[in-house]
Amino acid sequence: MHFTTFLIKNLTRRPFRTSLTLLALATAIAAVVALLGITKGFVYSFEEVYSSHAIDIVVSRQGSADRLSSSVDQSFADEISQIPGVLRAAGVLLDTLSLEEQEVYGVPAMGIEPNSWLLEDYKFRSQVDEVSDQTPQLMLGIHLSDRVGISAGDKIELFGEPYLVSGVFESRSTWENGSMILPLEQLQTLTDRSGQVTYINVVLDRQIDGSRADRVIQAIELLEPKLLPLTTDQFVSTDTRMQVASAMAWMTSMIALVIGAISTLNTMMTSVLERTVEIGILRAIGWRRWRVAKMVLMESLVLAVVASLLGSLAAVIATHWLSQSAAAAGLLSPVIDLPVLAQGFGLALVIGLLGALLPAWRASGLMPTDAFQER
C-alpha cells in the first residue's frame with residue numbers, strides 16, 4: 001500500500017473522531033480568518049477616509065491620547081496652506097451624535113466647511129438645491145440614510161432641533177458611508193468647540209518629493225510645538241483604535257488556536273494509543289522511527305489542511321452574511337484577501353504540527369515488544 005493511501009485510510013476509518021477534530025480545527029481557523037479580515041477591513045475603511053481625498057499629511061494635537069478626539073485651532077489650516085509645497089489644507093471636526101427618534105446612537109459626525117474642497121470627492125445620490133448656510137442642515141452617508149429611512153429633503157432631529165437633510169452622499173470609505181456631515185460651524189456650536197477642529201488635512205503639491213515633504217512636516221512643527229503632523233500611513237498605523245483592534249483580533253485568535261491545538265493533540269494521542277499494536281507491527285516489519293513519526297505528523301497536517309479550507313470558506317460566508325445584516329450594514333466591510341487566507345493556512349499547519357509532536361514522539365519510541373505487551 002502506498003504511504004499516502006495508508007495515511008488517508010488511517011484518517012477515514014474513524015470518521016466520527018476525524019469529523020469532530022476537523023470541526024474544532026475549522027472553527028478555530030474560521031475565527032482567525034474572520035477576525036483578521038474584519039480588522040483589515042476596519043483599517044482599510046479608516047485609510048479610505050484620507051486616501052479618498054488624496055490626503056498626504058494629517059495634523060493633530062501633540063500628546064493626545066486619542067488623536068480622533070484631539071483639538072486644534074482651525075486657524076492653523078490657513079497658516080499651513082501658506083507653507084511652500086502645500087497645495088491646500090482644511091480642518092475637520094469629528095464627534096459622535098445620536099439620532100434618538102430613530103434609536104441610532106454613536107453616529108460619527110464630521111464638521112466640514114460648506115465650501116471646502118473636501119466635499120468635492122463625494123458622490124451625491126440626492127441633494128437639495130439652494131440651502132442657506134444658516135439653515136440647520138446635515139448630509140447623510142448612503143448606509144446611514146438607508147438604515148434610518150431618511151432621504152434628501154426630509155428633516156431629522158438633533159438635540160430636539162430639526163435639521164434639514166440637504167443631501168445623501170457616497171464615499172469610498174465604509175466608515176464615512178455610515179456617518180453624517182454638518183457644516184463646521186454648526187457642529188462646533190452643537191459640541192461647544194468653537195474655533196476648534198480635530199485635525200487638519202493637508203494635500204501637497206503633486207511635484208513634491210519625499211525630502212521636500214519632510215521639510216513641510218518640519219515647517220508645520222515650527223508653527224506650533226503642540227502640532228503633530230504625520231503622513232497618512234503613519235497617522236493610521238499608529239492610531240490607538242487600529243492598534244487595539246489588531247491586538248484584540250490576535251488575542252481572540254490565539255485562544256481559538258490553543259483550543260484547536262489541544263483538540264488535535266487529544267485526537268492524535270488517542271489514535272496512537274489505540275494503534276499501539278499496529279505501530280508495533282510496522283516497527284517489526286522494518287519501519288524506522290522517523291517513518292512512524294512522519295506518519296503521525298502527516299496525518300495531523302492533512303487534518304490541518306482540510307480544516308484550513310473549511311474554516312476559510314466558513315469565515316468568508318459568515319463575514320459576508322454579517323456585513324449584509326441590518327445591524328452591521330455600513331459599519332462592517334471585511335477584507336479576506338490572499339494574505340489573510342495565507343495567515344490562516346500557516347496557522348493551521350502550525351496547529352497540526354504542534355498537536356502531533358508529542359504523539360509522534362511517543363509512537364516513534366515504541367518497540368515491537370513493548371507494543372505487544374501494552375496490548
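Odds and ends about this structure:
- Shape category assigned to segment 17-166 from the gyration tensor of Cα positions, a/c cut at 1.5: oblate
- Share of pairwise Cα separations in segment 49-116, more than 14 Å, in percent: 69
- The C-alpha radius of gyration of segment 139-205, expressed as a fraction of 2.2 N^0.38 Å, stands at 1.25.
- Accessible surface computed residue by residue for segment 206-258, with neighbouring protein chains in place and a 1.4 Å probe, gives 62 Å² per residue.
- Taking θ as phi - 60° and the Karplus parameters 6.51, -1.76 and 1.60, the scalar couplings of segment 159-170 work out to 6, x, 10, x, 10, 7, 7, 7, x, 10, 10, 10 Hz in sequence order, x denoting glycine and proline.
- Annotation: Cα Rg of segment 211-259 relative to the compact-globule expectation 2.2 N^0.38 Å equals 1.80.
- Probe 1.4 Å, accessible area per residue of segment 45-167, Å²: 49
- Segment 28-173 - percent relative contact order, Cα under 8 Å, separation 6 or more: 21
- In this structure, the amide hydrogen of D56, modeled 1.01 Å from its nitrogen in the peptide plane, lies closer than 5 angstrom to those of V202, V203, L204, counting only residues at least 5 positions away or on a different chain.
- Working note: Debye formula, equal point scatterers on the alpha-carbon atoms of segment 93-193, no solvent; log10 I(q)/I(0) at q = 0.18, 0.21, 0.22 Å⁻¹ is -0.78, -1.12, -1.26.
- Accessible carbon and sulfur surface of segment 149-211 relative to its total accessible area, %, 1.4 Å: 43
- Partner aspartates and glutamates for K294 [C-alpha distance under 16 Å; skip if fewer than 8 residues away on the same chain]: E278
- For L158, the amide hydrogen comes within under 5 Å of the amide hydrogens of Y163, counting only partners 5 or more places away or on other chains and with H modelled in the peptide plane.
- Inter-part distance, segment 141-218 to segment 18-54, computed on C-alpha centroids, equals 27 Å.
- Dimensions of segment 126-277 from C-alpha coordinates, computed as largest minus smallest value along each principal axis and given longest first, are 88, 48, 32 Å.
- Nearest-10 value in Å² for the accessible area of F345, using the 1.4 Å probe: 80
- For segment 80-148, alpha-carbon Rg relative to the globular expectation (2.2 N^0.38 Å, N residues): 1.36
The values are calculated or read from the model by the stated rules, or taken from the named source; none is laboratory data. Keep in mind that what you see is a predicted model, and the values were worked out from it rather than measured. When the accessible area is computed, the model is the full protein with side chains, heavy atoms only, and any ligands, DNA or RNA have been set aside. Shrake-Rupley method; radii C 1.70, N 1.55, O 1.52, S 1.80 Å.
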